[in-house]
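J.: Could you have a look at this structure, given as structure tokens, before my questions?
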Amino acid sequence: MICFYCRFISSSERSDRYLFHLTNLKIWNKYGWRATILIATEFFLTFSFFMFVPFISLYVTGHLGYSLTFAGILLALRLLGQQGFMMFGGYFGDVFGYKKMMFIGFLCRGIGFAGLGFASSVSSLLIMAVIGGLGGALFSPALKSLLVYNQPKPLHRELFSFINVTGNAGIILGPLFGLLFSVDQFPILSVISGLLFIFIGCTLLFIPIKQTKRTEPISFSEGIRRIVQNRTLLNMIVLMIPFHFIHQQLFLTYPIIATRLTGSSGWLFTLVTILVVCGQLFVTSYTKALSTHTALILGYLVLTLTFIPLFIYEHPISLIVSLIGIAFSLMLMQPTFHSYIVSQATSATLGIFLGFSNLSMAIGGALGNVFGGSTYDYFQTNNQTYYYWMILALVCISACLFGRRISGKMEQR
């Protein structure tokens with residue numbers, strides 16, 4: 001299965017060297033077959049997700065006739081339902097087993113996504129969105145926890161980098177498959193996506209992945225207490241909120257800008273994901289010596305610098321520069337953040353720590369959905385879009401300053 005995405009990125013000479021690098025790593029020998037299966041699983045679940053989700057708003061606003069505001073609320077509710085409840089899903093994985101939670105989560109995701117294609121009323125659409133979101137809350141922290149379970153600490157960042165690669169490969173191919181269906185055929189697409197998630201869950205259920213029984217029984221409240229008492233951990237989670245606010249604009253304002261400047265927006269996601277697929281392991285290799293706070297601050301600095309060309313003049317080239325900055329921040333910040341969260345947890349609290357850390361995505365993503373698009377619309381109406389890019393740059397600069405403030409505390413730990 002790993003060879004599948006390896007062949008996908010072998011289209012150029014540079015990609016050929018990248019494929020050779022991956023092959024010689026022999027990840028199934030270095031990390032074990034369990035990690036290899038989970039790395040491949042990340043591709044299939046992101047493929048199933050992105051073949052479907054980008055077209056929800058088109059179906060809701062076009063075929064069903066609801067407003068774009070309602071479509072935004074629907075997507076925000078799915079996001080909050082997933083990211084906001086991940087701490088509970090992670091805890092259930094710690095208690096009942098990660099594989100079992102992955103199965104239940106994939107089952108819920110499949111039911112929710114398939115149901116969206118046949119729901120028409122406001123209430124039924126919202127219910128299906130919540131069910132699909134809760135499914136992600138169950139399987140996402142469980143998958144990440146099982147990925148690094150009993151793995152040496154120095155390998156954690158590499159493992160999270162690998163699922164970033166396969167996940168982004170799925171992000172490229174998923175929408176291309178979704179484009180084969182018209183808006184009127186959205187129910188068919190929803191069933192295909194739902195069945196794929198259910199199939200993934202059933203497949204993992206029968207794979208003999210064993211999790212050692214907990215020797216350190218911890219209640220949910222005790223797990224939360226440990227997190228809350230770790231002030232540095234909380235600061236790191238807060239530090240990632242601006243990143244997710246910025247990243248959410250890739251799905252909101254960037255398509256609008258790309259369509260206005262180039263006539264289309266589909267190339268946005270293709271460019272970013274190809275950059276991540278081709279560059280992730282190199283970025284990880286060259287930055288693995290950086291401390292966590294240094295890596296995150298560097299990511300924000302790069303984002304700030306790449307917003308400057310758009311502040312000066314909105315042009316396809318300045319837009320591409322900004323997309324390169326977003327891709328680099330994804331490659332640098334996400335694996336670094338996840339490996340840090342895992343380093344703060346014990347083997348009995350992996351799930352709840354990873355789940356709780358996703359509050360940064362829930363808050364940042366929700367704020368990005370609510371304020372990002374409306375802010376750009378306001379400034380565009382007044383022909384002052386440079387203020388929008390100034391605000392994004394200031395958000396990143398504020399994150400850098402906050403990162404510098406907590407860096408001393410992290411070094412003490």
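The values are calculated or read from the model by the stated rules, or taken from the named source; none is laboratory data. This structure is a prediction, so every number in the text was calculated from the model and none was measured. Quick reminder, even Gly has a Cβ in these numbers, built from the backbone with ideal geometry, and neighbours come from all protein chains shown.
J.: Kindly indicate whether TYR286 is free of Cβ contacts under 8 Å to residues at least 24 places away in the same chain and either closer than 29 Å to SER145 by Cα or out of contact with any strand residue (DSSP E or B) (no Cβ under 8 Å at 6 or more places or on another chain) (or both).
T.: Values: free of Cβ contacts under 8 Å to residues at least 24 places away in the same chain: yes; either closer than 29 Å to SER145 by Cα or out of contact with any strand residue (DSSP E or B) (no Cβ under 8 Å at 6 or more places or on another chain) (or both): yes.
Criteria met by TYR286.
J.: Okay, moving on. Which of the residues that make up region 46-76 are farther than 21 Å from MET240 by Cβ, of a type in the set (A, V, I, L, M) and out of contact with any Gly (no Cβ under 7 Å at 6 or more places or on another chain)?
T.: Passing the criteria: VAL53, ILE56, LEU58, VAL60, LEU64, LEU68, ALA71, ILE73, LEU74.
J.: For the subset of region 72-97 comprising residues that are within 20 Å of the chain's Cα centre (by Cα) and small (Gly, Ala, Ser), which member is modelled with the lowest pLDDT?
T.: Within region 72-97, the match that is modelled with the lowest pLDDT is GLY72.
J.: Give region 33-61 a look and list any residue that's within 16 Å of VAL165 (Cα to Cα) and not polar (S, T, N, Q), or say none.
T.: Result: ALA35, ILE37, LEU38, ILE39, ALA40, GLU42, PHE43, PHE44, LEU45, PHE47, PHE49, PHE50.
J.: Still on this structure, please answer the following. Considering only residues that are at pLDDT 90 or above and of a type in the set (Phe, Trp, Tyr), which ones fall in region 226-278?
T.: PHE243, PHE245
J.: Take GLY279 and decide whether it is closer than 20 Å to MET390 by Cα and not basic (Lys, Arg).
T.: When the stated conditions are applied, GLY279 does not pass them.
J.: Moving to a separate point now. Yes or no: region 205-219 includes at least one residue that is within 25 Å of the chain's Cα centre (by Cα), at pLDDT 85 or above and under 21 Å from VAL148 (Cα atoms).
T.: Among the residues of region 205-219, not one is within 25 Å of the chain's Cα centre (by Cα), at pLDDT 85 or above and under 21 Å from VAL148 (Cα atoms), which makes the answer no.
J.: Please tell me if SER339 is in a helix (DSSP H, G or I) and closer than 29 Å to ASN383 by Cβ. Spell out how you get there, then give the answer.
T.: On the way: in a helix (DSSP H, G or I): yes; closer than 29 Å to ASN383 by Cβ: no.
Criteria not met by SER339.
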